[in-house]
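A short write-up of the structure that comes next.
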Amino acid sequence: MAQASASKVMTRGTVQGRWLWVLMLFGGWLAGHAHADSLQALSVFLKQTQSMRADFVQTVTTPAKENRPIKRKLSSGQFAFLRPSVFRFDYLKPSVQNIVADGQHLWFYDSDLQQVTQRNQTQALSATPAALIATATDVSALAKDFNLQAQPDAQGLQWVSASPKSTDHSLQSIRMGLKQQGDQVWLAQLDILDAFGTRSQIVFDRIDINPRQVTLAQFSFTPPKGVEVIKP
C-alpha cells in the first residue's frame, strides 16, 4: 500500500510537473504574443490617428530628497494634435498654462509668471513625449530617436516603453498605454520619467479620434499683450 501510495504521489507529481512546464511554456507564448500586440497597437495608432482631442489629468510626483517628503502635483486640461507637426496642451487647473507647437515654433505660456518662451520647434521636440504621440507617423520614424520595447499588458492597456537614444537628454523613459477596441487604437495614458526621478502620469479621457472639428487654425498662438517673451 505504501509503495502504491508513493507511486501515485510520484505519478501525480510528475503529471503536475508536466502541466506546470506546459503552463509556463504557454504563458511565455502568451506574454510574447501580448508584447508583439503592443508594438502592433502602437503602429496602428500612429498610422490611423491623424488627429486627436481629449481631456487629461496629470499627476507629477517628485521623489523625496534631503529630508523632504515626496511631492505630488495634480493638474488638468485639454489636449489636441494634428499630424504631422502641430499640437497643444492647455492646462486649466490649478493655473492656466499653454504649450503650443504651431509647426515652426514651440510656445510655452505661464499665466502666473506672465511669461512666454518661444523656441524652434524642430530643435525643442527631438526625443520628447510630444514626438511620440503627435509628430511621428510610424514606428520606424520613432525608432530613429527612441529604443522601443514592448511590455506586458496591465491595467487593461497595452504598453510600450521608449527610451531616447541620445545620452545627453533629460528624459529617461516613457511608457505609452494603448487601448484597443476592434480595429481602433487610441492613447489612454502616458508615464514619463525624467533623469532626475520625477514621474509624470497623464491619463486621457473623453477621447475623440480624428474629429472633423480639429483644424490647423486651432494651433496658432499669439502672446498676450504685456507679457515677457523669451527666446532662448
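Listed values, structure above:
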{"read-out": "Segment Thr62-Leu92, length gained on full extension (0.36 nm per residue, minus Cα span)", "value": "8.7 nm"}
{"read-out": "Region 143-160 - phi-based ³J(HN,Hα) in whole Hz, Karplus 6.51/-1.76/1.60, Gly and Pro as x", "value": "5, 5, 10, 10, 8, 9, 9, 6, 10, x, 5, 7, 6, x, 10, 9, 10, 10"}
{"read-out": "Cβ-Cβ FRET estimate between Ile70 and Asp183, R0 fixed at 35 Å, reported to 0.05", "value": "0.30"}
{"read-out": "Proximal aspartates and glutamates relative to Lys179, as straight alpha-carbon distance under 18 Å, when same-chain residues fewer than 8 apart are discounted", "value": "Asp37, Asp55, Asp138, Asp153, Asp191, Asp205, Asp208"}
{"read-out": "Net dipole in debye of region 76-182 [+1 Lys, Arg Cβ; -1 Asp, Glu Cβ; about Cα centre; nearest 20]", "value": "160"}
{"read-out": "Inter-label distance, nm, simple model (7 Å from Cα along the C-beta direction), Lys47/Gln155", "value": "2.7"}
{"read-out": "Summed side-chain charge close to Val160 - residues other than Val160 whose Cβ falls under 13 Å, Lys, Arg +1, Asp, Glu -1", "value": "-1"}
{"read-out": "Cut-off 11 Å between beta-carbons: net charge of the residues surrounding Val96, Lys and Arg +1, Asp and Glu -1", "value": "-2"}
{"read-out": "Solvent exposure of region 59-104 as accessible area per residue, Å², 1.4 Å probe", "value": "60"}
{"read-out": "Farthest positive-ward along region 67-182 dipole, Cα basis, beta-carbon charges - from Phe146, Trp159, Pro84", "value": "Trp159"}
{"read-out": "Surface share of carbon and sulfur [accessible, 1.4 angstrom probe, percent] for region 54-101", "value": "55"}
{"read-out": "Reachable lysines from Lys165, criterion Cα separation under 16 angstrom, eight or more residues apart if same chain", "value": "Lys144"}
{"read-out": "Accessible area (Å², per residue) of region 179-219, counting only protein heavy atoms and a probe of 1.4 Å", "value": "61"}
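The values are calculated or read from the model by the stated rules, or taken from the named source; none is laboratory data. Here the structure is a predicted model, which is why all the values come from computation and not from measurement. No Cβ is skipped: glycine too gets one built from the backbone with ideal geometry, and neighbour counts run over all protein chains shown. What goes into the accessible areas is simple: the full protein's heavy atoms, side chains included, and nothing from ligands, DNA or RNA. Shrake-Rupley method; radii C 1.70, N 1.55, O 1.52, S 1.80 Å.
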